[in-house]
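First the structure, in the form of structure tokens, and then the observations on it.
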Amino acid sequence: MKYLVVDIEATCWEHNDPDKQFHETIEIGAVLLDENFDIVKSQSFYCRPTFNTQLTTYCTQLTGIGQANVDNALPFDKALLEFIQWVGDFSDITLCSWGEFDKKQLIEDCTRNSCAYPFTQAHINIKQVYLDTLKRHTKGGLQKACRVCGIHFEGTPHNGRDDAIMAAKIFKMMKAVKD
């Protein structure tokens, strides 16, 4: 069994109005783990949004993703194909992410762009594994979880690849605690 930890960054607004705005993926951060939860490889895949083509200042400040990053990126369907090729064999992979947003966003973007969702319905919510393992009820972000676990956050928060790496490190630590 291998695990694929993804972190999706998407278009966003400081005050989101779900009746008028919907998120589009602008980055797929991915980390492939082997059966021992060790990192095999990691990558970022930027996506050009189709409907919300101009990133808000809030989105750029939050994610560090600039307008040029998305203007020069492939549209979601083509970026997804590159991502699928990078992953390779999906037959023995379980999708993982910090929370449910990432899986939901991938499904929505696949539907919106008429792409086949490349994963099974199996999904591991690393945030829930963390909460259950440490018997915590207070939800917090990834950075807080790293502090609680004594893991130095490396990279930039809300960078898809960096967040996926940090979530993978917490996942490995939680699996070691349970075993």
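All of the numbers you see were taken from the coordinates with simple rules; none came from a lab. On a predicted model such as this, the values are computed, not experimentally measured, just so you know. Ideal geometry is used to build each Cβ from the backbone, glycine not excepted, and the neighbour counts take in all protein chains shown.
Annotations for the structure displayed:
- Looking only at the range 81-116, and only at residues there that are touching a residue at least 24 places away in the same chain (Cβ under 8 Å) and acidic (Asp, Glu), the one that is nearest to TYR130 (Cα to Cα): GLU100
- ALA116 of a type outside the set (D, E, K, R) and part of a loop (DSSP other than H, G, I, E, B): yes
- Scanning the range 128-140 for residues that are outside any loop (DSSP other than H, G, I, E, B), free of Cβ contacts under 8 Å to residues at least 40 places away in the same chain and under 18 Å from the mean Cα position of the chain (by Cα) yields a count of 1.
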